[in-house]
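What follows draws every value from the coordinates through simple rules; no lab data is involved. Every value quoted in this text rests on a predicted model; they were computed, and no experiment measured them. Glycine gets a Cβ as well: all are built from the backbone with ideal geometry, and neighbour counts include every protein chain shown.
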Amino acid sequence: MSVGIIMLVHTAFDRAEEVARHWAAAGCPVVFHVDKNVKDDAYYGFVKSMSDLPDTRFVKRHRCEWGTWGLVAATQAAAQTLLDDFPDVRHVYLTSGACLPLRPLQELFDYLDERPQTDFIESATTADVPWTIGGLDRERFLLRFPFSWRRQRMLFDIYVRFQRAVGYKRTIPNGVVPHMGSQWWCLTRQTLSAILEDPERKTYDRFFRKVWIPDESYFQTLSRLYSRQIESRSLTLSKFDYQGKPHMFYDDHLQLLRRSDCFVARKIWPFANRLYEAFLTDPDGAMKRTEPNPGKIDRIFAKAVDRRTRGRPGLYMQSRYPAEGRENGVTCAQYSIFEGFSDLFENFEPWLAKTTGARVHGHLFAPDRVEYSDGQTVMNGALSDSAKLRDYNKRAFLTSLIWNTRGERQCFQLGPMDEIEDIEWDIAKDPNAQISVITGAWAIGLFKSNRNFADIRKEAARLQQIESTHLNALRSEWAKARIRIWTMAEFIEAPMEPLQTIIDEIGRTRRKTLAEAPKMTDLKGFPQFLQSLKNQGMHPYLMGDFPIDPGKPDTQEPKPKPYLIK
Amino acid sequence: MFYVSFLTSYGMRWRRKYAKMRAYGKKYSMRSVSDNTSAIRSGDILLFSTFRNENIRLPYFLDYYRRLGVSHFLMVDNDSEDGGRPYLAQQPDVSLWTTRASYRRSRFGVDWLNFLQRQYGHGHWCLTVDPDELFVYPFCDTRPIRALTDWLDSSHVRSFGAMLLDMYPKGRIDAVPYRAGQDPIEIAAWFDPGNYVIDRNPSYWNLWIQGGPRSRMFFRDLPKKAPALNKIPLVKWDKRYAYVSSTHTLLPRGLNLTYDQWGGEKASGVLLHTKFLSTFGEKAEEELTRKQHYAGSVEYKAYAEKIQKDPDLWCNWSEKYINWRQLEILGLMSKGNWA
């Protein structure tokens, strides 16, 4: 047989045996290396169970710890035995006990027969690969790594830092160019024997012994010296997570694995009975060939890495609770906040809902209850309208609401009469918030109220104070929301232009000029109202300048431009 | 800064010792009913639970967890009077203890279980759940619990969080009677998908989660008193570990870090909490008279009042349970890095 198998085993011997018998049944010689950490009982038990197969060998056991030389030494020993004892072998396939052939072996043999000179080994220079665990790429060849990354992390890190500090660099022997790649390869006899019989092998071994993760670079680098034709990809499907740990395959991956274009997959969970059954039985029976679609596999595992490292923006839950500044988005979607608009316009909320198609709430942070749209008492996600529940954690309330309604734009009203003090900074700092403010418009409510003027004056002073603090937040350098602020006087002079800008930015409907304007409340007597406040010694300044006798608005003056902060 | 953190760590050490000591003291209040612990093999997944008068739930409970691949159940019966004890004593994979001691004074069962965990749990993955809690984790419909624990082992993770998700029926809680052996989710099929608040406990580092129907209905005006929903039920046990309050908090504190603080998501599950079944009314009344629950049973007082008047927890935005994928899409749990 032209293909020989090296199998590195350290656990799940029953599965290793099953797969080895599968290879052997197709006529492939199999050479085992069993990790020295395995107890002797288990080892000899395994040797005995394989003893009925003539073309199997066991080689001297090395201690194989992740990222150390032991794995390379084991592979070298096994490869030597395989080449010496089985002269017919042309391609040597390196596998592990957790590997599982995905396609009928005859397909692999045919494939290799058509490419007798080709070495299949993923091999790329360090500059070109993104996988750098622990922030080490080229340095893994230039520094020395005598300590275990798993067991002696502190020493490992200290020694790396020390070498960097003193500027220590190893010289790479004979100027070979370090390459890296998947450790699961399939090499030709010519290439492999050239590596093993190289007169300089001692030099290379000495060098790679102290390289970090040599099993991903020893053969990858040296095969570049001898191979006639390298195809830089692995015939073994293996996916790695963000820590460089291989993903496991389970029974529910069966359909996915059928779509792989690889010949072998690793790692298979030892108890994935269905996978072993499906792929190890008679090729004509269970193996349903499916059009290869490796992209789908890539996507699924790339998504897992993304989920673990970046998560879903705007989601706060039991296993994602980002520290402040690490949220990757305070909320999950854009939303709009209107301050003063519902005071100035009588039908602002229904008008906005009609114009934008968005969900328009009233004052979500009103003191007595949460004013959801259409007077609902419970909102998406079963959010309650209890003000106490909302105030218990306002930020959680807002982020939950935006998360629960993803896919539907939320708009709500805000004003100085609301409970804004714990939430205004969160909103101001959230790039998803679009905040439009007509300052001083809260005075309209007071102007229309039927309260004693002394109370009104007091309330006006309080609200002005709150809004002034609020504006400081919106104008601060930390504010990241899209914020527009007009004084009331500015706004009523030309209301359509700012409204158009805001609606365009919400952008749910196609851009068109507003057909219908919201109805502005009657402001007759409002300037006098402000003057009375002034006469009482209060200074209402947030509304802008209202001349005492407005007459007709002066059309000659340039229109006030809204200003946009960030 | 160093001294402060050193002092807190040292304080935590003594709190842990104290919890373990209490557990040891409770050893004598428990009597073994059936001891099958000799059947426990290395690598077995063990389940620890304490119960009182839950006979009707036990058949489904055992069945559910056997199917997930739990190998042995270690249960403490707190003076049941409903036949649960003889039923469990017959089960070959259950080891049963019984005690008449006070639930409250054993810190709501924690002391009893800490003792058993120390005795039998060392080196095993231990699942600690109540009889009304059904553990759901990513891929639980296609992969046994062993797949999860193997993956956690290979990721060097020692503890796995699963938030309590209150399930409730549509309509009156007592409308459909629960039968022994029935899947309680058939009746209590609904849950609140998105009204939870989270805070971080600065001394124990665990998250403190509140919300759900109990907050929405019973604690509208007293949100702070609403029950905690964060739980860490699955732990690769070591005899140095101890639960501090229910399964909400563990010591050493590092075990409580089941969440990511850098924006990513760790894997997590959910405990479907099927407390709100037809059996609830009786239970609430009994608990109220026994006064053996947390904070003077304030929770049960709140229930009793509300349940009399308006026993429907369901609302327009309640979500009907389908499977774990639905919970993961809603953001109640996460696959994390597991694919």
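Quote the charge dipole size of chain B about the Cα centre in Debye, to the nearest 20; the model charges only the Cβ of Lys and Arg (+1) and of Asp and Glu (-1). Show your work: numbers first, answer last.
On the way: 48 positive and 36 negative charges, 291 e Å.
Dipole size: approximately 1400 debye.
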Could you tell me the relative contact order of the stretch B:108-216? Use alpha-carbon pairs under 8 Å, at least six residues apart, and round to a whole percent. 17 percent
Hey, what angle do you get for helix A:394-404 against the long axis of chain A, alpha-carbon based, 0 to 90 degrees rounded to 10? 70 degrees
Most mobile of B:Ile173, B:Ile198, B:Ile56 in a GNM of chain B (Cα contacts under 10 Å): B:Ile198
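Tell me the net charge near A:Val47. Cut-off is 12 Å between Cβ atoms, A:Val47 excluded, with +1 for each Lys or Arg and -1 for each Asp or Glu. Could the numbers behind the result be given before it?
Numbers: positive: A:Lys48, A:Arg57, A:Arg61; negative: A:Glu17, A:Asp40, A:Asp41, A:Asp52.
The answer is -1.
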Enter the mean number of other protein chain beta carbons within 10 Å of the beta carbon of each residue in A:385-395, as an integer. 5
When the convex hull of its Cα atoms is projected in every direction, mean area for the stretch A:206-319 (nm²): 11.4 nm²
Measure of size requested: the Rg and Dmax of the stretch A:154-202, with Cα atoms as the atom set and Å as the unit; please supply both. 16.2, 43
Determine the equivalent ellipsoid of the stretch B:2-330 by diagonalising the alpha-carbon gyration tensor, then write out the semi-axes as square roots of 5 times the eigenvalues, largest first, rounded to whole Å. 28, 24, 21
Given backbone amide H placed at 1.01 Å from N, residues whose amide H is under 5 Å from that of A:Ser234, ignoring those fewer than 5 places away on the same chain, are A:Glu122
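Dipole of the protein assembly as shown, Cα-centred, from +1 at each Lys and Arg C-beta and -1 at each Asp and Glu C-beta, to the nearest 20 debye?
On the way: 127 positive and 109 negative charges, 552 e Å.
With only Lys, Arg, Asp and Glu charged at Cβ, the dipole is about 2660 debye.
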Expected unfolding gain across A:Arg299-A:Gln531 under the 0.36 nm per residue rule, minus the alpha-carbon gap, is 76.9 nm
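With each run of n ≥ 4 DSSP H residues scored as -39500 (n - 2.57), what mean residue ellipticity at 222 nm is computed for chain A after dividing by its residue count and rounding to the nearest 500 deg cm²/dmol? If you can, show how the numbers build up before the last one.
Details: 22 runs with 214 residues, N = 566.
The helix-only estimate for chain A comes to -11000 deg cm²/dmol at 222 nm.
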Quick one: check the C-alpha center-to-center distance for the stretch B:245-265 versus the stretch A:93-117, whole angstrom. 45 Å
For the protein assembly as shown, report the % of Cα-Cα distances exceeding 43 Å. 49 percent
With contacts defined as alpha carbon pairs under 8 Å and 6 or more residues apart, what's the relative contact order of chain B in percent? 22 percent
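At a Förster radius of 30 Å, what calculated FRET efficiency corresponds to the Cβ-Cβ distance of A:Thr171 and A:Asp113, to the nearest 0.05?
Numbers: r = 42 Å, r/R0 = 1.39.
E between A:Thr171 and A:Asp113, to the nearest 0.05, is 0.10.
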Among B:Lys27/B:Lys236; A:Lys169/B:Lys335; B:Lys239/B:Lys283; A:Lys354/A:Lys394, which pairs are too far apart, with a Cα-Cα distance over 31 Å? A:Lys169/B:Lys335; B:Lys239/B:Lys283
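Counting other Cβ atoms within 10 Å, keep those with at most 16, restrict to DSSP loop, and tell me which trypsin sites (Lys or Arg not before Pro) in the stretch B:72-152 are left.
Details: sites: B:Arg100, B:Arg104, B:Arg105, B:Arg107, B:Arg118, B:Arg146; in loops: B:Arg100, B:Arg104, B:Arg105, B:Arg107.
Within the stretch B:72-152, the qualifying trypsin sites (Lys or Arg not before Pro) (loop, at most 16 other Cβ atoms within 10 Å) are B:Arg100, B:Arg104, B:Arg105.
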Report the extension gain between B:Trp14 and B:Thr142 in nm, rounded to one decimal, defined as 0.36 nm multiplied by the number of residues separating them, less their alpha carbon distance. 41.9 nm
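Looking only at other chains, what is the average number of their beta-carbon atoms within 10 angstrom of each beta-carbon in A:307-314? Spell out each step's value before the answer.
Numbers: counts 11, 11, 6, 4, 9, 6, 1, 1.
Rounded to a whole number, the mean comes out at 6.
How much length, in nm to one decimal, is gained on full extension between A:Leu53 and A:Arg406, taken as 0.36 nm per residue of separation minus their Cα-Cα distance? List each step's numbers first, then the result.
Numbers: separation 353, 0.36 × 353 = 127.08 nm, distance 6.07 nm.
Additional length available on full extension: 121.0 nm.
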Mean separation of Cα contacts under 8 Å (at least 6 apart) over the residue count of chain A, i.e. the relative contact order in percent, is 11 percent
Förster radius 25 Å - calculated FRET efficiency between A:Glu65 and A:Ile158 (Cβ-Cβ, nearest 0.05): 0.80
For the stretch B:125-269, take the convex hull of the Cα atoms, compute a quarter of its surface area, and give me that in nm², please. 10.5 nm²
For the stretch A:335-565, just list the percent of Cα-Cα distances falling in each 10 Å bin from zero outward, please. 7, 32, 37, 20, 4, 0
In degrees from 0 to 90, rounded to the nearest 10, what is the angle of the helix A:13-25 Cα long axis to the longest principal axis of chain A? 60 degrees
Listing A:Ile423, A:Ile438 by rising number of other beta-carbon atoms within 10 angstrom, fewest first, gives A:Ile423, A:Ile438
If you line up the long axis of helix A:294-309 against the longest principal axis of chain A, both from Cα atoms, how many degrees apart are they, to the nearest 10? 60 degrees
Using only helices, what value at 222 nm comes out for chain B when you add -39,500 (n - 2.57) per DSSP H run of length 4 or more and divide by the total residues, to the nearest 500 deg cm²/dmol? -8500 deg cm²/dmol
Which whole-number percent of Cα pairs in the stretch B:1-153 have a distance greater than 25 Å? 35 percent
Sort out for me the Cα centre separation of the stretch A:318-354 from the stretch B:63-108, rounded to whole Å. 50 Å
Out of B:Leu165, B:Leu207, B:Leu222, any idea which swings most in a Gaussian network model of chain B, alpha carbons joined below 10 Å? B:Leu222
Along Cα→Cβ, 7 Å out, is where each label goes; now give me the distance between the ones at A:Thr309 and A:Ala42 in nm to one decimal. 3.2 nm
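Taking 60 Å as R0, compute the FRET efficiency from the Cβ-Cβ separation of A:Arg228 and B:Glu81 and round it to 0.05. It would help to have the intermediate numbers written out before the result.
On the way: r = 82 Å, r/R0 = 1.37.
It comes to 0.15.
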Taking the Cα centre of each part, how many Å lie between the stretch B:152-219 and the stretch A:450-493? 42 Å
Label B:Asp93 and A:Asn452 with points 7 Å out from Cα along Cα→Cβ: what is the distance between them in nm? 7.6 nm
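Residue by residue through B:202-212, how many Cβ atoms from other chains fall within 10 Å of the Cβ on average? Numbers along the way, then the final one.
Details: counts 0, 0, 0, 0, 0, 5, 0, 5, 4, 9, 1.
If you average over the peptide's residues, the count of other-chain Cβ atoms is 2.
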